[in-house]
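J.: Below is one structure. I have some questions about it.
Coordinate-derived values only; no laboratory data. The structure displayed is predicted, hence computed values, not measured ones. Here Cβ is always computed from backbone atoms with ideal geometry, including for glycine, and neighbour counts include all displayed protein chains.
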Amino acid sequence: MSIRPDETDRAAAEFAERVRRNQQQLGSQLRPQYDFIVCGSGSSGSVVARRLAENPDVSVLLLEAGGDDDVPEVMRAEQWPLNLGSERDWSFTAEPNPHLNGRAIPYDMGKVLGGGSSINVMIWARGHKSDWEFFASEAADRRGAISRSSISIGA
Ligand SMILES: Cc1cc2nc3c(=O)[nH]c(=O)nc-3n(C[C@H](O)[C@H](O)[C@H](O)COP(=O)(O)OP(=O)(O)OC[C@H]3O[C@@H](n4cnc5c(N)ncnc54)[C@H](O)[C@@H]3O)c2cc1C
């Protein structure tokens, strides 16, 4: 059975609405204490919080310094450059670099729900086999290159 695009859109919209309602409800009932508090809702913090929350016996609070990601500049991928320098960007500046003729270049980082994944370019790059082999050897991971070669890095 094939799923038509409009059905997929509707299902995605319904899921987003359920998430929104759930977050509103949970956010309005904050507890005085939690078993785990995860700081930062970027790619890594979100995964950590999600994995912890799989255990129904523990309570998890995910704290984010930035604001909501439910804005067109985040939801519409082609608008990603509009996030740079906005309130969704920490707008750091790197140290002056002698290898860049002394220039201090802008260093954008996400300050919003989703962190960098909400403001990034969504370029998807396949990791080089030798890098995965190196990570595996550093971690003493003896699993074969077959599984690692199918892993990709992406936003
Ligand atoms: C402009 C831009 C373009 C990019 N393009 C790509 C791309 O095309 N492809 C790709 O693969 N990667 C890209 N990246 C990189 C990718 O987005 C990051 O590697 C990834 O998001 C890092 O995730 P993270 O969880 O480690 O950190 P972050 O995403 O930086 O998450 C950290 C989170 O912690 C929050 N935080 C910080 N301090 C506190 C505090 N004290 N209390 C609470 N919260 C706090 C921050 O606001 C942020 O939300 C891009 C990044 C940027 C900024």
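J.: Once every DSSP H run of n ≥ 4 in the chain is given -39500 (n - 2.57) and the sum is divided by its residues, what mean residue ellipticity at 222 nm do you get, rounded to the nearest 500 deg cm²/dmol?
T.: -10500 deg cm²/dmol
J.: A follow-up question, please. With the chain treated as a Gaussian network of Cα nodes joined by springs under 10 Å, which of Ser137, Ser86, Ser117 yields the largest mean-square fluctuation?
T.: Ser137
J.: Take the chain, connect every pair of alpha-carbon atoms lying under 10 Å apart with a spring to form a Gaussian network, then pick out the residue of Leu100, Leu63, Leu30 with the largest mean-square fluctuation.
T.: Leu100
J.: Where does the chain land on Rg(C-alpha)/(2.2 N^0.38 Å)?
T.: Details: Rg = 19.6 Å, N = 155, 2.2 N^0.38 = 15.0 Å.
Normalised Cα radius of gyration, the chain: 1.31.
J.: Which value, in debye to the nearest 20, gives the size of the charge dipole of the chain about its Cα centre, when Lys and Arg are +1 and Asp and Glu are -1 at the Cβ?
T.: Approximately 360 debye in magnitude.
J.: With springs connecting C-alpha atoms under 10 Å apart, model the chain as a Gaussian network and identify which of Pro56, Pro72, Pro98 has the largest mean-square fluctuation.
T.: Fluctuation is largest for Pro98.
J.: Now a separate question. Taking amide H positions as placed 1.01 Å from N in the peptide plane, with prolines and chain starts having none, which residues 5 or more places from Asp89, or on another chain, fall under 5 Å of its amide H?
T.: Lys111
J.: Let me ask you something else. Share of Cα-Cα pairs in region 19-67 beyond 13 Å, in percent?
T.: The proportion of pairs with Cα distances above 13 Å equals 61 percent.
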